[in-house]
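Presented below is the structure to which this report refers.
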Amino acid sequence: MGVKVITKEQAWELRHTVMWPEEEFDYIKLPDDDEGIHYGLFEGRELISAVSLFIQGKDAQFRKFATLNDRQNQGYGSRLLASVLNEAKRKGAKHICCNARTNKIPFYEKFGLVRTNVVYRKGGQEYVVMERFC
């Protein structure tokens, strides 16, 4: 099992499969995907989990974090997120945030992220912005 940089196309495939399979494929693409660094966690050749990291100066944001449904709650996502948080810090980020689905708040709290007061709805899901300082 290992974490490595992947292409945006690999990230798109996993995002679509896990997050929004009922939507058109382009729905999961981000306008700034070319500016992000996309990471994947592999078991053998199988991409299990993916997340995209965007860094601007001292601020970083991870987005579109997805783990195959049948591999969730087995530590794959935790291993990937820990790696990406360390990578953001290594690249000079002092602040990192994400837009978390509200049902995933406890997962992100395990990594030191805390809720902000920013809450919104998109695609029938409720999200909260979470952050931590490195």
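The values are calculated or read from the model by the stated rules, or taken from the named source; none is laboratory data. Everything quoted here is computed from the prediction, not taken from an experiment. A quick note on method: Cβ atoms are made from the backbone with ideal geometry, for glycine too, and the neighbour counts reach across all protein chains shown. Each accessible area value is taken on the protein alone, full model and side chains, heavy atoms only, with ligands, DNA and RNA left out. Shrake-Rupley method; radii C 1.70, N 1.55, O 1.52, S 1.80 Å.
So, in the stretch 72-107, exactly how many residues are under 23 Å from Lys4 (Cβ atoms) and in contact (Cβ under 8 Å) with a residue 24 or more places away in the chain?
Number of matching residues: 19.
Considering only residues that are among the basic types (Lys, Arg) and open to solvent by 80 Å² or more (accessible area, probe 1.4 Å), which ones fall in the stretch 93-134?
Looking only at the stretch 93-134, we keep the residues that are among the basic types (Lys, Arg), and these are 94, 101, 104, 110, 115, 121-122, 132.
Correct list: Lys94, Lys104, Lys110, Arg115, Arg121, Lys122.
Hey, could you check the stretch 63-92 for residues that are part of a strand (DSSP E or B) and of a type outside the set (Phe, Trp, Tyr) and say which is surrounded by the most Cβ atoms within 10 Å (Cβ to Cβ)? Before the answer, list the steps.
Taking the stretch 63-92 first, the residues part of a strand (DSSP E or B) are 63-67.
Of the ones still in play, those that are also of a type outside the set (Phe, Trp, Tyr) are 63-64, 66-67.
On the way: Arg63: 18, Lys64: 22, Ala66: 24, Thr67: 22.
Ranking the qualifying residues of the stretch 63-92, first place goes to Ala66.
With respect to Phe25, determine if the residue is at negative phi and more than 14 Å from the chain's Cα centre (by Cα). Outline the logic, then answer.
Details: at negative phi: yes; more than 14 Å from the chain's Cα centre (by Cα): yes.
Yes, satisfied.
Just one of the numbered conditions (1) in a loop (DSSP other than H, G, I, E, B); (2) free of Cβ contacts under 8 Å to residues at least 40 places away in the same chain; (3) surrounded by 13 or more Cβ atoms within 10 Å (Cβ to Cβ) is not true of Glu22; which one?
Answer for Glu22: the failing condition is (3).
Based on this model, can you work out whether Ala60 counts as in a strand (DSSP E or B) and farther than 18 Å from Gly123 by Cβ? Lay out the reasoning, then the answer.
On the way: in a strand (DSSP E or B): yes; farther than 18 Å from Gly123 by Cβ: yes.
Answer is yes for this residue.
I need the full set of residues from the stretch 29-65 which are of a type in the set (A, V, I, L, M) and at pLDDT 95 or above, in order please. I'd like the intermediate steps shown before the answer.
Kept after step one, since they are of a type in the set (A, V, I, L, M), are these residues of the stretch 29-65: 30, 37, 41, 47-48, 50-51, 53, 55, 60.
Ile37, Leu41, Leu47, Ile48, Ala50, Val51, Leu53, Ile55, Ala60, listed by residue number.
Might you let me know whether the stretch 82-92 holds any residue that is basic (Lys, Arg) and in contact with a strand residue (DSSP E or B) (Cβ under 7 Å, 6 or more places away or on another chain)?
Yes; the residues of the stretch 82-92 include at least one that is basic (Lys, Arg) and in contact with a strand residue (DSSP E or B) (Cβ under 7 Å, 6 or more places away or on another chain).
Kindly establish whether Lys4 is open to solvent by 30 Å² or more (accessible area, probe 1.4 Å), touching a His at 6+ places or on another chain (Cβ under 6 Å), in contact (Cβ under 8 Å) with a residue 24 or more places away in the chain and not hydroxyl-bearing (Ser, Thr, Tyr). Break it down into steps so the answer makes sense when it comes.
On the way: open to solvent by 30 Å² or more (accessible area, probe 1.4 Å): yes; touching a His at 6+ places or on another chain (Cβ under 6 Å): no; in contact (Cβ under 8 Å) with a residue 24 or more places away in the chain: yes; not hydroxyl-bearing (Ser, Thr, Tyr): yes.
Answer is no for this residue.
Give the residues of the stretch 6-17 that are assigned to a helix (DSSP H, G or I) and under 19 Å from Gln61 (Cβ atoms), sorted by residue number. Walk me through it before giving the result.
The initial filter retains those residues of the stretch 6-17 that are assigned to a helix (DSSP H, G or I), namely 8-17.
The answer is Lys8, Ala11, Trp12, Leu14, Arg15.
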